[in-house]
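S.K.: Okay, here's the structure, questions in a sec.
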There are 2 protein chains.
Amino acid sequence: MSRPGLRERKKQKTRLALIDAALDLFRAQGYEATTVDQIAAAADVSPRTFFRYFATKEDVALSLPVDGQEVMLRELADRPPEEPPFVALSHAMRAVLTELQEGDVTDVTRFLKSRELVETTPALFAGSVRRMMENERRLIDEIARREGSSPDDLLPHFVVSLFTTVARVGFESCHPQSIQDLSAFAERLEQMLSLAERSLRPGWDRGRV
Amino acid sequence: MSRPGLRERKKQKTRLALIDAALDLFRAQGYEATTVDQIAAAADVSPRTFFRYFATKEDVALSLPVDGQEVMLRELADRPPEEPPFVALSHAMRAVLTELQEGDVTDVTRFLKSRELVETTPALFAGSVRRMMENERRLIDEIARREGSSPDDLLPHFVVSLFTTVARVGFESCHPQSIQDLSAFAERLEQMLSLAERSLRPGWDRGRV
DNA sequence: TAATTTATGACAGTCTCTGACAGATGACAA
DNA sequence: TTGTCATCTGTCAGAGACTGTCATAAATTA
């Protein structure tokens, strides 16, 4: 696993510079009030280059949560097949938070920053939900594959949507307080997962009720 | 209940003209490919006037589903308090479809048109979900009021989010086929509601499990 | 009919985002 | 080291969504 070339490293640097510049400007003067020109200037690139890294202004704010969804999908694929769908999804989600916590501290900071931004900015919140739902399709496919469901079976759709909802409500409920570390997130998530577990019949996620 | 004045009638006419022009253009050449200028021209108003009726291009496409949400909220407020939350929400949703069906036929056509458009256009789908979630807050408040929950109780949030998810999955599952009438919608909705009912423990939506 | 309110059109301007082209820079082989 | 090539970047021009402003026209009211 050799170190990537200079070009690749520069690209990563530019990408992070744009993300950090954007998050700071968004926090300081609000999302709508900051222009792409300002972000580009703060990161020392031309406005055109900004759009070579991020398709939209929204993308730069949501790139971290989006990365998280990728991790989640990878983790889900690694869960043992005998695990019921909802349990597998829960563990995959926990793994995302764990992986983040074990990584670089600046990553955690960036993540929390962007998370707070998303919760307090309606436009970004909308975008976040949108991506969550685009991701839902992929989670559904993976669950359907694991369970061997037929393509028009509504159960995988139901299970994944329900799980996504539970996770979202958990995250949202963190919003009023300013969250300093990830453990508060993890705690809320467990709280919601157990509420869901208590509400649902055993075997519901495999159609055996 | 006197007939509104000429000015008010003209406004309603312009509004409907914009909606119809927009929906037709969107269907014919796609949502992104049609410009606001085209819509305004088709409805015989200036582009500036378009924005006096709809804040964004998205709004004109989603105005009908948004109207539906208003109806849903009104219906929910009319449900008897002894009804458990999930049942009350289900009945309110049924009432929306019933009210639509009993109204003008052109309204139903417009509704189905916009519904298909939303499902087939990612940008609009995202916007639709976003409004659904903005509406969620109001539904939560109403359920919390009915049940006398404390403001930081997660249960009303959970119940409403779960219901919204179920309804959404039901609507989405209609997409592949082209829906001609509302009864197909109603049928799918019932299918999903019964799946949810089977999966959940009795009393879950009042915290009595 | 006159006065007032309100809807509309016309115009100018900002911001997001895209295509096209040319110059700069890193990757790689001779 | 040098030359070639692919890729990154800046500059420019432009479309399209959306907003503020002001004058005009139409509806409402006295």
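The values are calculated or read from the model by the stated rules, or taken from the named source; none is laboratory data. Predicted, not measured: the structure shown is a model, and the values here were computed from it. All Cβ positions, glycine included, derive from the backbone under ideal geometry; neighbour counts span all protein chains shown.
S.K.: Just checking, does region A:34-41 include any residue being within 14 Å of chain B (Cβ to nearest Cβ) and farther than 27 Å from A:Q177 by Cβ? Show your work before the answer.
M.R.: So the first thing to find is which residues in region A:34-41 are within 14 Å of chain B (Cβ to nearest Cβ), and the list is none.
No, region A:34-41 has no match at all.
S.K.: Among the numbered criteria (1) over 18 Å from the mean Cα position of the chain (by Cα); (2) within 15 Å of DNA strand C (Cβ to nearest atom); (3) of a type in the set (V, I, T), which one does A:V60 miss?
M.R.: (1)
S.K.: Another question, then. Can you name the condition, by its number, that A:P151 falls short on among (1) at pLDDT below 90; (2) crowded, with 17+ Cβ neighbours inside 10 Å?
M.R.: If we test A:P151 against (1) at pLDDT below 90; (2) crowded, with 17+ Cβ neighbours inside 10 Å, just (2) comes out false.
S.K.: Being more than 30 Å from A:R145 (Cα to Cα), surrounded by fewer than 19 Cβ atoms within 10 Å (Cβ to Cβ) and over 19 Å from the mean Cα position of the chain (by Cα) is true for just one of A:T49, A:T106. Which residue is that?
M.R.: When all the criteria are applied, what remains is A:T49.
S.K.: Okay, moving on. So which pairs qualify, if the first residue must be in region B:45-56 and more than 14 Å from chain A (Cβ to nearest Cβ), the second must be modelled with pLDDT of 95 or more and near DNA strand C (Cβ under 9 Å from one of its atoms), the Cβ gap must be under 7 Å, and the two must be at least 6 apart or on different chains?
M.R.: B:V45/B:T14; B:S46/B:A40; B:P47/B:A40; B:T49/B:A40; B:F50/B:A40; B:Y53/B:T14; B:Y53/B:R15
S.K.: Go through region A:164-196 and give me each residue that's more than 10 Å from chain B (Cβ to nearest Cβ) and at pLDDT 90 or above.
M.R.: The answer is A:A167, A:A186, A:E187, A:L189, A:E190, A:L193, A:S194.
S.K.: Would you mind telling me which numbered condition in (1) more than 30 Å from B:F158 (Cβ to Cβ); (2) modelled with pLDDT of 95 or more; (3) basic (K, R) B:R7 fails?
M.R.: (2)
S.K.: Which members of region B:33-43 meet the condition of being within 12 Å of DNA strand C (Cβ to nearest atom), surrounded by fewer than 19 Cβ atoms within 10 Å (Cβ to Cβ) and more than 24 Å from the chain's Cα centre (by Cα)?
M.R.: Within region B:33-43, B:D37, B:A41 qualify.
S.K.: If you go through region B:15-32 one residue at a time, how many are within 13 Å of DNA strand C (Cβ to nearest atom) and either more than 16 Å from B:S63 (Cα to Cα) or over 21 Å from the mean Cα position of the chain (by Cα) (or both)?
M.R.: 1
S.K.: Determine, yes or no, whether A:S199 is within 14 Å of chain B (Cβ to nearest Cβ) and without any contact (Cβ under 8 Å) to a residue 12 or more places away in the chain.
M.R.: yes
S.K.: Among the residues of region B:149-163, what is the count of those that are more than 8 Å from chain A (Cβ to nearest Cβ) and small (G, A, S)?
M.R.: Residues in region B:149-163 being more than 8 Å from chain A (Cβ to nearest Cβ) and small (G, A, S): 2 in total.
S.K.: Yes or no: region A:116-125 includes at least one residue that is touching a helix residue (DSSP H, G or I) at 6+ places or on another chain (Cβ under 8 Å), at pLDDT below 95, away from chain B (no Cβ under 14 Å) and buried (at least 18 other Cβ atoms within 10 Å of the Cβ).
M.R.: Yes, because at least one residue in region A:116-125 is touching a helix residue (DSSP H, G or I) at 6+ places or on another chain (Cβ under 8 Å), at pLDDT below 95, away from chain B (no Cβ under 14 Å) and buried (at least 18 other Cβ atoms within 10 Å of the Cβ).
S.K.: So is A:A21 within 22 Å of A:T121 (Cα to Cα), within 10 Å of DNA strand D (Cβ to nearest atom) and outside the structural domain of A:S63 (by TED's automatic domain parsing) or not?
M.R.: no
S.K.: Looking at A:V60, A:V66, which one is within 16 Å of DNA strand D (Cβ to nearest atom) and in contact (Cβ under 8 Å) with a residue 24 or more places away in the chain?
M.R.: Numbers: A:V66 fails: within 16 Å of DNA strand D (Cβ to nearest atom).
After applying the criteria, what remains is A:V60.
S.K.: What are the residues in region A:43-64 that are in contact with a Gly (Cβ under 8 Å, 6 or more places away or on another chain) and not acidic (D, E), if any?
M.R.: Within region A:43-64, A:A61, A:L62 qualify.
S.K.: I've got another one for you. Within region B:69-87, is even one residue within 16 Å of DNA strand D (Cβ to nearest atom), surrounded by fewer than 16 Cβ atoms within 10 Å (Cβ to Cβ) and touching a residue at least 24 places away in the same chain (Cβ under 8 Å)?
M.R.: No, there is no match, as no residue in region B:69-87 is within 16 Å of DNA strand D (Cβ to nearest atom), surrounded by fewer than 16 Cβ atoms within 10 Å (Cβ to Cβ) and touching a residue at least 24 places away in the same chain (Cβ under 8 Å).
S.K.: Could you please give the count of residues in region A:126-148 that are closer than 17 Å to A:V71 by Cβ, away from every other protein chain (no Cβ under 14 Å) and buried (at least 18 other Cβ atoms within 10 Å of the Cβ)?
M.R.: Number of matching residues: 1.
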